[in-house]
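Colleague: First, the structure itself, so that you have it in front of you.
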Amino acid sequence: MSRIAVAGGMKEGGFTVFDVTPHKVAICHLIQLFAPPSQQTVPFPFESISQHNRLGLFIFSLTKACNDFVEPSLVDLINQLKAVGDSVNVWLCDHLMSSLLELSSPDDLFNFFEKLRGVVATPDGGHLEDDLIFLDPNSHLGLFLRCCILSFNLLTFEGVCHLLTSISTYCNSGDANYELQEALDESEFHELLEGAEPYDGIDVFQKCRHGVRDASNVESSQSHIRLPRLVSHPRNDIQVPSDSWFEGTDGVAQCNEFGSSVMNNLRGDDHQGFLRTRWQVEGYLNMQADLLEKDSGSFPLNSFGAVLKQLHKLSPDLHRVEYLQYLNSLFHNDYPAALENLHSYFDYSAGNEGVFNRSSASPSDIYVGRYQTALLCLGTMHCYFGHSKKALEALTEAVRFSQLSNDDACLAYTLAAICNMLSDVGISSTAGILGSQDSLETSMSLGAPLSTQQQLLVLLNRSMKRADSLKLISLMAFNRLALSKFELKHVRRSLLYFGPKSSTTLRTCPVTVCKELRLCSHVLSEFEYDGLSQPNDDGAFSTSWIKNLAASCSPSFENIRKLKSSSVNDFDLFHFDAQPNPIPGSVLQLAGSSYLLRAASWELYGSAPLVRLNALVYATCFANGASSADLSLAYVKLIQHLAIFKGFKEAFVALKLVEKKFSPVPNSRIRLLKLQLLHERALHRGQLKIAQQMCHEIGVLAASTSGVDMDLKTEKNLRHGRTLLAANQYSKAAAVANSLFCLCYKFNMQVENASVLLLLAEIHKKSGNTVLALQYVLASVSFCQAFNLDLLEASATLTLVELWLSLGSNHAKRGLSLLHKVLPMILGHGGLQLRARANITLAKCLLSDPTFLISKDPDMVLDPLNQAAEELQILEYHEMAAEAFYLIAMIYNHLGQLEAREEAASSFRKHITALENPQVEEDPFAYDI
């Protein structure tokens, strides 16, 4: 027995009794063709099992898709059906329109739905043959058919007449707003409607079978219709199109109300639309929420807000619309509107619609609102806007109410939110904010005060234990990311202030960081065990499938597919046969974040190849599910690698391409990278005014709130100090560096303090105060060793060598010994500038050594100097390049090679002239791509 049972759970998102619409009647026609009663083997007109299964998958996706909230018109349905690609679908389209035009009276409708009963009826006597085909009544399509039959039986006579009128309108809905392709233009569509003859037994079957066979013998040109602008399309000024994909009906919003209100208010068309079912509309809202979080800049605030207001007017009890309005205001930085919409959502829904799952049904054992959930959302909103104290107060209150109401899931998420805020937002002290009932000071250190970082560690461990006990794999992965960030930038200290203590090494542990990141990436294999892979499809899978089908209709896709014919499942343009990614987007984001954090950790540790490798893995494997901020961060890492190892020209070319990718939506990370590259290039070329302007623009990107955007503020002050140092304003540069050191110490930013101490050493070295500079560089080396900042430690050691050389030639051997220890790290992982600086220092050490004879082995100093000069010219670093050519000219002069000396002297003079008279380019991005 061959039994048609398309899988699909009905516990969540299942069908309720909905209004029968023309689109649902058309789907019922297709189901009747897909599973005709009492048919043997493959039913007519299908010629193979694959054709038959393909139609079933298409029908299944139509009933599950939730990419909009109005149903597709007949034009869209015909276009989608033809895009399936089988020759039999030409006959299916003809037969579908003929059957719809046959419904001219209420008796026709009654007869049609009576025939549908036979589709879901079990064969008489229960005798089932092996090759007998019938539709399982409990399958997804069977339940859909039964709901349509039930809904029709509940209609009054006036309702049946109204349905007939709607079907007539549906059949004549050749909207002029469609841009039709050559394969099926508007006139052909109307001719197809007018020329469609009623279904007349075996003659039509024979006629169409010949047509199918003829079509299979020649190269068929598929019919395509360009899709209308969708509500969910990220690049359009978002409106509700009358001929949009989604129709449906909610229990509150009637079809005629939607037709009159939406069409009059938004488009003014005569075409009538139908809302989809409540579950499908909620699926659409969930998808919009995901798109908002992924790329909020592509959603116009006012136009998308107007769509949400109209949808809320049509269905007032659909409270998730208010939550989506809150997200829309939040990601567009509209604080008053976000706060109002958040309060409105929880005032009307009492928080029972579920924030951590997609189910709208409230638990039966909860009779009051989830106040703790509202506090959690309020705290995250304040954290997003940089209100750290208000956020901490709301989250602490959420912890207390979660404990009182025994809401373990909310408690675990709240603890994770507190950890995330403490790690991302600088808070110098949390005294008096965390409360006294569950005080961390009392419970963990017996009354002794804990630092903010120690409190963060305690909360991380507590959140990890709760997530583990509740089997929340995604939350565990998030906590492992937070714990790896903590281990990356903080040194663990004992929480006990008395009693015996084991000897500990005050250093971070890279092994622990790598272990936590590796365990976090396991969420891809474990997500199915914590409910993330829900047994009931929420519609996203089928929606992606339908969208891919729509993409395959475009002529450009056909051309690209010919070029990539060897690809079976291309990530961006996969074929109709290919399936969308079944892994939830939140799981992909968590797994991808582990690779971004790996890149950041290897950047601190000093391994440039591993930084590039992990950034490439993220940009290649996780780009589809990544937010614009995370994806831009991966591109930033790759472009920074180009700037360090290939020079600014290559970096600017790549940056120009990335800017086109993210245009027209501004991206703060790309903007920051652009300013950083322009500042670095201006310093190298001696354009100090431009460098200072770039510093000010970087400072503008940071929020003025204390503790917020500390990385931007640190970056701005570091670059400001370097600019003042290049201008020989040593006292001002030292003042800026000292102020920055105090700021980093206040917020316990020890990793950043290593760079600040190195800057202070450079300032005092250049000002001639060598002895004072030694103290700062040794302190910087100590910080680098504590946090395993190997490449920065090598750079600090290089500064230490230069300081020993400035104390006299007697220290040349000591400096050379230190340089040999860090030279493998510098040459293996350092960029062009660091390698050139190391080569110049190596030559200086050899030239300062009284025992070294230039005439005996000149290549020992000339080779590193020539290599340094070549690399510095790529970077356009005029000052250091002039120093290299000066040393080369002196060596050739000592050797008596006058021609080589003059050539080196000429290069020296060229770089000195360029440094003293910098030429300002109008457009540093004016490179050919």
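The values are calculated or read from the model by the stated rules, or taken from the named source; none is laboratory data. What you are looking at is a predicted structure, and each value in this text was computed from that prediction instead of being measured. No Cβ is skipped: glycine too gets one built from the backbone with ideal geometry, and neighbour counts run over all protein chains shown. Only protein heavy atoms, including side chains, enter the accessible area calculation; ligands, DNA and RNA are left aside. Shrake-Rupley method; radii C 1.70, N 1.55, O 1.52, S 1.80 Å.
Colleague: Whether any residue in the stretch 795-812 is farther than 24 Å from GLY896 by Cβ, in a loop (DSSP other than H, G, I, E, B) and in contact (Cβ under 8 Å) with a residue 60 or more places away in the chain is what I want to check. Walk me through it before giving the result.
Modeller: First, the residues of the stretch 795-812 that are farther than 24 Å from GLY896 by Cβ: 795-808, 810-812.
Adding the requirement that they be in a loop (DSSP other than H, G, I, E, B) leaves 807-808.
From what's left, in contact (Cβ under 8 Å) with a residue 60 or more places away in the chain: none.
No, that holds for no residue.
Colleague: Scan the stretch 738-761 and tell me whether some residue there is surrounded by 19 or more Cβ atoms within 10 Å (Cβ to Cβ), out of contact with any strand residue (DSSP E or B) (no Cβ under 9 Å at 6 or more places or on another chain) and under 23 Å from CYS845 (Cβ atoms).
Modeller: Yes, the stretch 738-761 contains at least one residue that is surrounded by 19 or more Cβ atoms within 10 Å (Cβ to Cβ), out of contact with any strand residue (DSSP E or B) (no Cβ under 9 Å at 6 or more places or on another chain) and under 23 Å from CYS845 (Cβ atoms).
Colleague: Of all residues in the stretch 713-734, count the ones that are touching a Gly at 6+ places or on another chain (Cβ under 9 Å) and small (Gly, Ala, Ser).
Modeller: The number of residues fulfilling the criteria is 3.
Colleague: What number of residues in the stretch 691-718 are in contact with a His (Cβ under 8 Å, 6 or more places away or on another chain) and within 22 Å of GLN919 (Cβ to Cβ)?
Modeller: 4
Colleague: Among the residues of the stretch 316-342, write down those that are surrounded by 21 or more Cβ atoms within 10 Å (Cβ to Cβ) and in contact (Cβ under 8 Å) with a residue 60 or more places away in the chain.
Modeller: LEU318
Colleague: Could I ask something else about it? Has the stretch 856-871 got any residue that is open to solvent by 20 Å² or more (accessible area, probe 1.4 Å), basic (Lys, Arg) and part of a helix (DSSP H, G or I)?
Modeller: no
Colleague: If you don't mind, another one. Might you check whether a residue that is of a type in the set (Val, Ile, Thr), modelled with pLDDT under 85 and not in a helix (DSSP H, G or I) occurs anywhere in the stretch 435-454? First the steps, then the outcome.
Modeller: If we filter the stretch 435-454 for residues that are of a type in the set (Val, Ile, Thr), which is where we start, we get 442, 452.
Narrowing the set further to residues that are modelled with pLDDT under 85 leaves 442, 452.
With not in a helix (DSSP H, G or I) added as a condition, the list becomes none.
Scanning the stretch 435-454, I find no residue that is of a type in the set (Val, Ile, Thr), modelled with pLDDT under 85 and not in a helix (DSSP H, G or I), so the answer is no.
Per-residue answers, yes or no, for (1) modelled with pLDDT under 95; (2) under 12 Å from LEU688 (Cα atoms):
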residue: MET710; (1), (2): yes, no
residue: LYS713; (1), (2): yes, no
residue: THR723; (1), (2): no, yes
residue: ALA726; (1), (2): yes, yes
residue: VAL736; (1), (2): no, no
residue: CYS744; (1), (2): yes, no
residue: ASN748; (1), (2): yes, no
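Colleague: Applying the selection to the stretch 657-674, what residues are open to solvent by less than 60 Å² (accessible area, probe 1.4 Å) and in contact (Cβ under 8 Å) with a residue 24 or more places away in the chain?
Modeller: Within the stretch 657-674, VAL658, PHE662, VAL665, ASN667, ILE670, LEU672, LEU673 qualify.
Colleague: Among the residues of the stretch 677-684, is any buried (at least 20 other Cβ atoms within 10 Å of the Cβ), in contact with a helix residue (DSSP H, G or I) (Cβ under 7 Å, 6 or more places away or on another chain) and either free of Cβ contacts under 8 Å to residues at least 24 places away in the same chain or of a type in the set (D, E, K, R) (or both)?
Modeller: yes
Colleague: Any idea which residue in the stretch 390-408 is least open to solvent (accessible area, probe 1.4 Å), counting only those that are farther than 9 Å from LEU376 by Cβ and touching a Leu at 6+ places or on another chain (Cβ under 6 Å)?
Modeller: Once the filter is applied, the top-ranked residue is THR396.
Colleague: How many residues does the stretch 789-830 contain that are of a type outside the set (D, E, K, R) and open to solvent by 10 Å² or more (accessible area, probe 1.4 Å)?
Modeller: 24
Colleague: Mind checking whether some residue in the stretch 619-638 is in a helix (DSSP H, G or I), over 27 Å from LYS294 (Cα atoms) and out of contact with any Lys or Arg (no Cβ under 9 Å at 6 or more places or on another chain)?
Modeller: As a first pass, look at the stretch 619-638 and keep what is in a helix (DSSP H, G or I): 619-621, 628-638.
When the remaining residues are screened for being over 27 Å from LYS294 (Cα atoms), the result is none.
No, the stretch 619-638 has no match at all.
Colleague: Right, here's the next one. What number of residues within the stretch 851-891 satisfy the criterion of being in contact (Cβ under 8 Å) with a residue 24 or more places away in the chain and among the hydroxyl-bearing types (Ser, Thr, Tyr)?
Modeller: 2
Colleague: Only one of SER731, SER780 is among the hydroxyl-bearing types (Ser, Thr, Tyr) and open to solvent by less than 10 Å² (accessible area, probe 1.4 Å); which?
Modeller: On the way: SER731 fails: open to solvent by less than 10 Å² (accessible area, probe 1.4 Å).
The unique qualifying residue is SER780.
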